[in-house]
Amino acid sequence: MTKLTIVAFDGARHELDVENGSTVMENAVRNSVPGIEAECGGACACATCHVYVDDAWAAQVGAPEAMEEDMLDFAYDVRPTSRLSCQIKVSEALDGLIVHVPERQA
């Protein structure tokens with residue numbers, strides 16, 4: 001199991017033990033983390049699972065692919081560490097990952 005922390009906009013920390021191979025979005029939805037709407041169910045066809053990767057993890061998580069970048073154009077308050085949580089696959093290399101939920105989704 002890998003440790004994942006999702007910080008809701010109100011500052012509440014959701015510290016989760018998650019399966020490798022799952023996505024940050026799947027785990028947020030499964031654990032009812034507020035602010036992750038995931039309207040498309042993880043198909044990278046909306047921007048309602050937008051998160052900010054914690055600065056300490058940005059290099060490890062990496063940059064978005066072209067399709068994800070296109071969807072981020074529709075996200076609210078995009079920042080340099082913005083990602084769609086449906087596109088971040090959990091692995092041992094991301095053990096301890098922290099992401100933050102924006103004020104609202106697009």
Exercise. For segment 18-33, how many residues are open to solvent by less than 60 Å² (accessible area, probe 1.4 Å) and more than 20 Å from Glu103 (Cβ to Cβ)?
Worked result: 5
Exercise. Are there any pairs, at least 6 apart or on different chains, whose C-beta atoms fall under 7 Å, with the first in segment 89-106 and over 19 Å from Ser32 (Cα atoms) and the second surrounded by fewer than 19 Cβ atoms within 10 Å (Cβ to Cβ), and if so, which?
Worked result: Ser91/Asn20; Glu92/Asn20; Ala93/Gln60; Leu94/Gln60; Asp95/Lys3; Gly96/Lys3
For this session: Output yes when any residue across segment 2-10 is within 16 Å of Gln105 (Cα to Cα), surrounded by fewer than 16 Cβ atoms within 10 Å (Cβ to Cβ) and aromatic (Phe, Trp, Tyr), and no when none is.
Result: yes
Exercise. Would a scan of segment 86-106 turn up a residue that is among the small types (Gly, Ala, Ser), assigned to a helix (DSSP H, G or I) and crowded, with 18+ Cβ neighbours inside 10 Å?
Worked result: no
Exercise. Is segment 34-48 home to any residue that is open to solvent by 70 Å² or more (accessible area, probe 1.4 Å), touching a residue at least 24 places away in the same chain (Cβ under 8 Å) and not in a loop (DSSP other than H, G, I, E, B)?
Worked result: no
Problem set entry | Which numbered condition Val78 fails, given (1) assigned to a strand (DSSP E or B); (2) open to solvent by 70 Å² or more (accessible area, probe 1.4 Å); (3) of a type in the set (Val, Ile, Thr) | (1)
For this session: Would you please list the contacts, defined by Cβ atoms under 6 Å and residues six or more apart or on different chains, that run from a residue in segment 54-79 that is β-branched (Val, Ile, Thr) to a residue that is in a helix (DSSP H, G or I)?
Result: Val78/Leu72
Seminar exercise, completed: The correct count of residues that are assigned to a strand (DSSP E or B) and closer than 18 Å to Glu68 by Cβ in segment 1-26 is 1
Exercise. Looking at (1) touching a residue at least 24 places away in the same chain (Cβ under 8 Å); (2) surrounded by 13 or more Cβ atoms within 10 Å (Cβ to Cβ), which is the only condition His14 fails?
Worked result: (1)
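The values are calculated or read from the model by the stated rules, or taken from the named source; none is laboratory data. None of these values were measured; they are calculated from a predicted model. All Cβ positions, glycine included, derive from the backbone under ideal geometry; neighbour counts span all protein chains shown. All accessible areas refer to the heavy atoms of the entire protein, side chains included, with ligands and DNA or RNA removed. Shrake-Rupley method; radii C 1.70, N 1.55, O 1.52, S 1.80 Å.
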